[in-house]
1. In nm, to one decimal, how far is the Lys21 label point from the Ser74 one, both placed 7 Å along Cα→Cβ?
2. Could you work out how far apart the two model spin labels at Glu3 and Thr67 are, taking each label as a point 7 Å from the Cα in the direction of the beta carbon, and quote it in nm?
Amino acid sequence: MEEEREKMRQEIRDKYNIKKKEEVQEMMPQEEPNPLMRKKKTPEELAREAEAEDEDEFTKLKNSIETQVNEIKSQIESKCSLQ
């Protein structure tokens, strides 16, 4: 009876192109069970990630705009004096 069920299941898997659960679990990388037990990043890895964030296009644009705004602000402050 179990063989008949498995045969029906396999037909359904074939029809809908579904992989068997054991096959899917083998393909997925094993995640560490506890996130607190994961390997800690070295200072070099943290520095590389920080550099990657700095190289992000939005960050570059933001930094460029901020410097331009600060330059304009200092120009205006130097030309205007409050009495």
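Any read-out appearing in this document is the output of simple, stated calculations on the displayed coordinates, not a laboratory observation. Being a predicted model, the structure only gives us computed values, none of them experimental. Positions of Cβ are backbone-derived with ideal geometry, glycine not excepted, and every protein chain shown enters the neighbour counts.
1. Roughly 6.5 nm, to one decimal.
2. 7.6 nm
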